[in-house]
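Student: I have a structure I would like to understand better, so I am pasting it below and will then ask my questions one at a time.
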Amino acid sequence: MKQIVIDITEDGEVKIETRGFTGKSCVEESRFLKELLGKELARQLTTAYYQVDGKTCVKKHLPLCG
């Protein structure tokens, strides 16, 4: 089940968490909330963001020079 969870702290900080989305669809589906609420201060992506068709895509940087 796809969900967008909004958590508002006592000091007014808003946190948006998406559940059940894979790939970049989580960012696209929650974009309207970010536009309504204003400036984004931080973003933390989960492993689901890096999944494509149920598979986790892992990128590694290899030190090729020296």
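Student: Tell me which of these Tyr50 doesn't satisfy, since it passes every other one: (1) of a type in the set (Ser, Thr, Tyr); (2) modelled with pLDDT under 90; (3) in contact with a Cys (Cβ under 9 Å, 6 or more places away or on another chain); (4) open to solvent by less than 100 Å² (accessible area, probe 1.4 Å).
Tutor: Answer for Tyr50: the failing condition is (4).
Student: State the number of residues belonging to segment 1-34 that are farther than 19 Å from Gln51 by Cα and assigned to a strand (DSSP E or B).
Tutor: 7
Student: Within the set of pairs 6 or more residues apart or between chains, which connect a residue that is modelled with pLDDT of 85 or more inside segment 20-41 to a residue that is open to solvent by 40 Å² or more (accessible area, probe 1.4 Å) and part of a loop (DSSP other than H, G, I, E, B) with Cβ atoms less than 8 Å apart?
Tutor: Gly20/Met1; Gly20/Lys2; Phe21/Lys2; Glu29/Lys2; Lys34/Glu40
The values are calculated or read from the model by the stated rules, or taken from the named source; none is laboratory data. The shown structure was predicted, so the numbers you read here are calculated from the model rather than taken from an experiment. Using ideal geometry, Cβ is built from the backbone for each residue, glycine included, and neighbour counts are taken over all protein chains shown. Keep in mind that these areas ignore ligands, DNA and RNA; they rest on the heavy atoms of the full protein, side chains included. Shrake-Rupley method; radii C 1.70, N 1.55, O 1.52, S 1.80 Å.
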